[in-house]
1. With respect to B:A253, is the statement that it is at pLDDT below 90, closer than 16 Å to B:P95 by Cα and open to solvent by 10 Å² or more (accessible area, probe 1.4 Å) true?
2. Suppose the filter is touching a residue at least 12 places away in the same chain (Cβ under 8 Å), away from chain C (no Cβ under 14 Å), within 16 Å of ligand 2 (Cβ to nearest atom) and open to solvent by 10 Å² or more (accessible area, probe 1.4 Å); does A:G24 pass it?
3. Looking at (1) crowded, with 24+ Cβ neighbours inside 10 Å; (2) modelled with pLDDT under 85; (3) not small (G, A, S), which is the one condition that is false for C:V227?
4. Return the total of residues in the range C:195-210 being open to solvent by 30 Å² or more (accessible area, probe 1.4 Å) and within 14 Å of C:G107 (Cβ to Cβ).
5. Only residues that are modelled with pLDDT of 75 or more and surrounded by 15 or more Cβ atoms within 10 Å (Cβ to Cβ): list them for the range C:59-80, please.
6. For the range A:77-93, give me each residue that is under 29 Å from A:R15 (Cα atoms) and touching a residue at least 40 places away in the same chain (Cβ under 8 Å).
7. Kindly check whether there is at least one residue in the range A:226-236 that is within 14 Å of chain C (Cβ to nearest Cβ), at pLDDT 90 or above and in contact with a Phe, Trp or Tyr (Cβ under 6 Å, 6 or more places away or on another chain).
8. May I ask you to list the residues in the range B:131-176 that are of a type in the set (A, V, I, L, M), in a helix (DSSP H, G or I), touching a residue at least 40 places away in the same chain (Cβ under 8 Å) and under 15 Å from B:W254 (Cα atoms)?
Amino acid sequence: MLLDVKDLHAHLRTRWGTVKAVDGVSFSIEAGETLGLVGESGSGKTMTALSLLRLLPEPAGRIVNGQVLLDGEDLVAKSEREMRRIRGRRISMILQDPQTSLNPVFNVGNQIVEALRVHLGRRANGLWKRAEEALRRVKVAAPQERLRSFPHQMSGGMKQRVVGAIALASEPKLLIADEPTTALDVTIQLQYLMLLKDVQARMGLGMLFITHDFGIVARMCDRVAVMYAGRIVESGPVREIFKAPRHPYTAALMASVPRMEARVHRLPSIDGQPPALHRLPGGCRFAPRCSYVDERCRLEYPPAVAIGRSHAAACWKVAP
Amino acid sequence: MQRFILRRFFQSLVVLLVVAVVVFALARVTGNAADLLLPEDAGREDREHLLKALGLDRPMHEQLARFLKGALSGDLGMSIRYRKPAVEVFFERLPNTLTLVPIALLSAIVISIPLGLLAAVYRGTIIDRVSGAIAVLGIATPSFWLGIVLIYIFSIQLGWLPSARMGGPAHYILPTITLAAFLVAGMMRLVRSSVLEVLNSEFVKLARIKGLSQTVVIWKHCLRNALIPVVTLFGVFFALLVTGAIVTETVFAWPGVGRLTYEAVIFRDYPLLQAVILLKAMIVLGVNLAVDILYAYLDPRVRYS
Amino acid sequence: MAITTAPADVAVVDDAAPQREFRRLPWVSFAVIAVLALVAVLAPLIATHSPTEQSLPDKLRPPAWQEGGSTKHLLGTDLLGRDVFSRLVYGARVSLTVAMFALLSGGLIGLAIGILAGYAGGRTDSALMRIVDATLTFPTILIALVLAVSLGAGLGTIVLAITVIIWARFARVVRGEVLTVKTRDFVALARVHGCSHVRIMAIHIVPNVLNTFMVLMTLHIGFVIIVEASLSFLGAGIPPPTPSWGQMVADGRSHIASAWWLSALPGAAIMLVVLSFNLFGDWLRDWLDPRLRQV
Ligand SMILES: Nc1ncnc2c1ncn2[C@@H]1O[C@H](COP(=O)(O)OP(=O)(O)O)[C@@H](O)[C@H]1O
Ligand code: SF4
Ligand SMILES: [Mg+2]
């Protein structure tokens, strides 16, 4: 097992109160496998990912409970110093918005070399050659010239490739991709996804792929975990869930999948709003929007029910 | 880039022209230009003579042309009080200001950037609170009064530091504090808020994801970006500094161009005042131009467009 | 500032909101401002002496609590034997009057130009904003001083002088605000319905930037008071013998060693009042328009 997350809780203190952004999340990823993490905006996907890297927003965010086992080592117990040796080298991440992910005042080469230096040591030479390699790996044309470009001179798709190159520079084992194509033009989304899949296969990466789009899950992932209001409500193999979603939220989310090819950036729409994470309802968090809701749903949170070998859903209406 | 600077340069010239015309017009709008521009004690014959020499009997547009031509050749009239060309008086005093202002500016920068940075990195802690309190107090304290209070405490009560005029290094301490305090409050808060913004940016997150240390993240990735808004507002700070120098030099009887401005006002020496203003305007515009170039250097988005 | 503001995509508005924490009204500042306003309005009733009446035998009396002071002159007397307390009281009146007129004039001009620039957009906008930028990076106090010397000192001159100094600050912020209001649907709708530009500005734009404008006004009271005091200190303010705080500090300056109260008290008054207005303004901003925090 490459990554095993157990009962992770991460809270954010805001002026509206404590936001339970990650509220008891468990999942695991094997080497070479892609797990999709799906859910509406604000359901806690990004915070889950940042918790793995121990990079929750300071000073508001804190992991309050749970384990993050990377090759059996618990990252939650590590010191900041030890974490620094893990970030980039063993876990890396691609952020959502390429427009803001790169530092505008340094050229691209500088920012890739920096990542390589962390991995290979201060005195390593030939770093610029390697940076060129890194760009070639993500299929950037004319990499040598690109190294000297500044972010504002590149297109969004190109920048996201550079971010990919940075994330992969130190050859990590686990890659987190947080909605890597949400901010890209539709025409280049597909290219980028194919690139990621290709690189993943070649490097044998484990990948946590975050998206709010079930259409993308179908293309990218082996297994999927559906997140709602800080918790995972259903998880299982992609094929199985696509064939027969068991949790009403999963079903609703899938029903609202827009055609990927023809869509604008719009959230899949289910009537109503997800609950505010600092004032969660007592029972099932989906109850206010669920069409199958009954009395018990409002009173008590449903336990996860195993359906198949690796398929589970947390809903009172699901029978094993 | 060159076009950008060239455009700025022409804009500065326009501003300068506007200031010159305003100064020219204000002397004439009340219809008593002669009173403003000539010594009161001038005899009647002198007066007639000077009126002619200044061309005050000519039509307005001719006077303006003459004024601008004079200004271009460095002739801005005779100071009434000093009975010397006003430009000459200004340049006699300028070196004294040029020793004080850069020291104050440097002190302000050296104090406010680290303090603002610390306040942002340790936000919510005691460091942040203290620097916040200093800023709030600093903004509310009129600098002329701060100068007087400092003189009362350190010169009169404690007798540690000289209270007025130029001299050895000790003479610089109180004026520098007074002048720098004027800037520190505003600069510190600006640095703080821009560092905070950068700390929350995605590229800082990515830098952390790479595994960079806190030191590299802050000093390499944050500082340069955080300084961009500070540099952008440098023009505003410099304007504040010029204003502050007038007050500070007045309080400390510092014989620079700030004090000279004050003298021109209280002695109603209009020719001197107009010279001081046009020359200071030139300096301010020159500094702003230099800042634009520095800005372009810091921010490649400007440099390459 | 993502720590204190929840991302916009999340429903955080919450009417019950027991946890929502507004900054408490700064009572002390509020009290200072109230007292100041009262003093300014009731100056003739509160002052114990005429602020301009000289009495040379009584000159340079220290405050009542110091040796040689008496309750006749609570805060002592100045060089000409005038009662410092009474001059401070009347000085409050001068400060507030000047501040009020200057704010109104500078604020309204800034408001008008900001609205014009933001609403018109394009060339008008960029030309006006260039003027604003030039003004902000120019030590406008120099223009104020020329005004004072050429036009002669007086209420009108100083109001004009301060207007020159502050209008650009208002224009810049208001313009930014108009740019965001302009894109909202109701403006487009009004256009479609054939509203004239003037009407749209009056009915849709102005009311929507009014909050911002009020906050800006409050945030600038302290600044204007300091500017007025500085101009007075430099001999370009309300002419004597009318008492103004800046002038009082200037007059006492040369006697600081023997009569500390002459400069110290009016200076402290300025600081206290400005501090109070600033804290109050910060609070109002956080309450009405937290986005202005960067201003
Ligand atoms: N910087 C932050 N400070 C405080 N709360 C935050 C911050 N970022 C996100 N949150 C809160 O955390 C919750 C989860 O957000 P996030 O993980 O970004 O959702 P997702 O990635 O699924 O869209 C949201 O409800 C939001 O209110
Ligand atoms: S537990 Fe009840 S409310 Fe929640 S999803 Fe299942 S049916 Fe709907
Ligand atoms: Mg997210």
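1. On the way: at pLDDT below 90: yes; closer than 16 Å to B:P95 by Cα: yes; open to solvent by 10 Å² or more (accessible area, probe 1.4 Å): yes.
So B:A253 passes the test.
2. Numbers: touching a residue at least 12 places away in the same chain (Cβ under 8 Å): yes; away from chain C (no Cβ under 14 Å): yes; within 16 Å of ligand 2 (Cβ to nearest atom): yes; open to solvent by 10 Å² or more (accessible area, probe 1.4 Å): yes.
Judged against the criteria, A:G24 is a match.
3. Going through (1) crowded, with 24+ Cβ neighbours inside 10 Å; (2) modelled with pLDDT under 85; (3) not small (G, A, S) one by one, C:V227 breaks only (2).
4. So in the range C:195-210, the residues open to solvent by 30 Å² or more (accessible area, probe 1.4 Å) come out as C:195-199, C:201-204, C:206-208, C:210.
With within 14 Å of C:G107 (Cβ to Cβ) added as a condition, the list becomes C:206, C:210.
Residues in the range C:195-210 being open to solvent by 30 Å² or more (accessible area, probe 1.4 Å) and within 14 Å of C:G107 (Cβ to Cβ): 2 in total.
5. C:R61, C:P62, C:P63, C:L75, C:G76, C:T77, C:D78, C:L79, C:L80
6. A:M93
7. For the range A:226-236, residues within 14 Å of chain C (Cβ to nearest Cβ), at pLDDT 90 or above and in contact with a Phe, Trp or Tyr (Cβ under 6 Å, 6 or more places away or on another chain): present.
8. B:I148, B:I151, B:L174, listed by residue number.
The values are calculated or read from the model by the stated rules, or taken from the named source; none is laboratory data. Just so it is clear, the model here is predicted, and its values are computed rather than measured. Because the Cβ atoms are built from the backbone with ideal geometry, glycine has one as well, and the counts that use them run over all protein chains shown. With ligands, DNA and RNA removed, areas are computed over all heavy atoms of the protein, side chains included. Shrake-Rupley method; radii C 1.70, N 1.55, O 1.52, S 1.80 Å.
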